[in-house]
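These notes are about the structure you will find just below.
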Amino acid sequence: MPRMQAVSTAAQSEADRKALSLAMTLSLVIGLSMFVIKVGAYLLTGSAAILSDAAESVVHVAAVTFAACSLHLSYRPADESHLYGHAKIAFFSAGFEGAMIILAAGYIIYVSIEKWVHGLHLENLGFGTALTAAAAAINAGLGAYLVWIGRRKHSLILEANGKHVLTDFWTSLAVIVGLALVILTGWLPFDPICGILMALNILRSGGGLIRSAYAGLMDAADPVAHRQLVAILDRETAPRGITYHRLRHRHVGDAHWVDVHLVFPADTALVAAHRAATEIEQTIEAALLPRAEVTSHLESAADHNELHPHESNGGSA
């Protein structure tokens, strides 16, 4: 990489880190503020739905704290104990947020049913609904921003946090609907019913985060990245008279790690083979987002079949 390009990439990386850290700090501060607002609304109304909403905010603050620590840890470079770096903490963070969402949903269902069974008593619904609506509007804007910047900066940690904030918004929206129905009809059970329906909805979001975390930790293949890699390798190897095999890749949180074996014609000089392999690696690294680390293994067609009798020497096998 030329020196000017390396400096530019480092500066961009530092700018991205500052933007992500600022967004995470904003999420934590607003999360704490939302918790205070929702507790105040519950104390005013006695609403099971609002209490459930406040409980989700407690979970959110805990999850954001874990996510902030994970984001900081993911920036640490590789060391003797973690040769591939620390970016895979992103998958743990996403899984933790998913588990917290599911825990919140279970608590919301429990509280809603418990209050319904033992009798409902609501008051100051107008003011409580207004406070919940204000919290919902703030969370809608924050959640959309976190998902946007997480995807733009390729940060699974921040995107997962944004999705969690959006579940908080949907929770608040369900609370508002329930309280509005109670105000309009006078039928108190609308409050716990909306709380239960909202909890069932956010279970889906939590399950999605856990599935994405599991896929990352288990190195599940990314079909989009695979198709892109095959297209690049087909395009780059054929004109050079090269074939390839043993293409493998995995996502480690902030990058794709790619391994591939390149098979050169028997009369290819080592210096020429190394140059061609390096050019192919650089092409992949420039094309794959968020970034890629590529390692190629150079082989000669002269003895390839003898040394690897059970492997194909072409395509993406």
Inset, instruction - Quick one: in the range 215-229, of everything that is in contact with a helix residue (DSSP H, G or I) (Cβ under 8 Å, 6 or more places away or on another chain) and modelled with pLDDT of 85 or more, which residue is most open to solvent (accessible area, probe 1.4 Å)? - result: GLN228
Legend entry - Selected residue (only one of PHE92, PHE127 is assigned to a helix (DSSP H, G or I), of a type in the set (Phe, Trp, Tyr) and surrounded by fewer than 17 Cβ atoms within 10 Å (Cβ to Cβ)): PHE127
Legend entry - Lone qualifier among LEU44, LEU32 - being open to solvent by 10 Å² or more (accessible area, probe 1.4 Å), at pLDDT 70 or above, within 23 Å of the chain's Cα centre (by Cα) and of a type in the set (A, V, I, L, M): LEU32
Legend entry - Single match in GLU114, GLU97, GLU80 (criterion: of a type in the set (Asp, Glu) and under 23 Å from MET24 (Cβ atoms)): GLU97
Legend entry - Filter result for the condition that a residue is outside any helix (DSSP H, G or I), open to solvent by 30 Å² or more (accessible area, probe 1.4 Å) and either touching a strand residue (DSSP E or B) at 6+ places or on another chain (Cβ under 8 Å) or closer than 25 Å to ARG211 by Cα (or both), over HIS86, HIS82: HIS82
Inset, instruction - Please state which one of ILE232, ILE210, ILE196, ILE183 is crowded, with 20+ Cβ neighbours inside 10 Å, of a type in the set (Val, Ile, Thr) and part of a helix (DSSP H, G or I). - result: ILE196
Inset, instruction - Find all pairs meeting these conditions: Cβ atoms under 8 angstrom apart; at least six residues apart or on different chains; first residue within the range 149-168 and within 13 Å of ALA67 (Cβ to Cβ); second residue charged (D, E, K, R) and open to solvent by less than 10 Å² (accessible area, probe 1.4 Å). - result: ALA160/GLU97; ASN161/GLU97; LYS163/GLU97; HIS164/GLU97
Inset, instruction - Scan ASN161, ASN139 and give me the residue that is open to solvent by less than 40 Å² (accessible area, probe 1.4 Å) and within 18 Å of ALA99 (Cβ to Cβ). - result: ASN161
Legend entry - Residue in the range 62-79 that is nearest to the chain's Cα centre (by Cα), counting only those that are within 20 Å of HIS256 (Cβ to Cβ) and loosely packed, with under 14 Cβ neighbours inside 10 Å: ARG76
Inset, instruction - Of all residues in the range 252-280, count the ones that are of a type in the set (D, E, K, R) and exposed (fewer than 14 other Cβ atoms within 10 Å of the Cβ). - result: 3
Inset, instruction - Can you confirm whether the range 227-244 contains a residue that is of a type in the set (D, E, K, R) and closer than 28 Å to ASN161 by Cβ? - result: no
Legend entry - Within the range 65-79, tally of residues that are in a loop (DSSP other than H, G, I, E, B) and modelled with pLDDT under 75: 1
Inset, instruction - Have a look at ARG291, ARG248, ARG227 and point out the one that is closer than 30 Å to ARG151 by Cβ, basic (Lys, Arg) and in contact (Cβ under 8 Å) with a residue 24 or more places away in the chain. - result: ARG291
Inset, instruction - Please work out which residue is farthest from the chain's Cα centre (by Cα), limiting yourself to the range 262-273 and to residues that are assigned to a helix (DSSP H, G or I) and closer than 21 Å to ASN305 by Cα. - result: LEU270
Legend entry - Unmet requirement for GLU114, which otherwise passes all of (1) under 22 Å from ILE196 (Cβ atoms); (2) open to solvent by less than 60 Å² (accessible area, probe 1.4 Å); (3) of a type outside the set (A, V, I, L, M, F, W, C): (2)
Legend entry - Residues located in the range 239-260, provided they are within 16 Å of HIS297 (Cβ to Cβ) and at pLDDT below 90: TRP257
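The values are calculated or read from the model by the stated rules, or taken from the named source; none is laboratory data. Worth saying up front: this structure is predicted, and the values here are computed from it rather than measured. In this analysis, Cβ positions are derived from the backbone assuming ideal geometry, glycine residues included, and neighbour counts consider all displayed protein chains. Accessible surface is based on the protein model in full, side chains and every heavy atom, while ligands, DNA and RNA are left aside. Shrake-Rupley method; radii C 1.70, N 1.55, O 1.52, S 1.80 Å.
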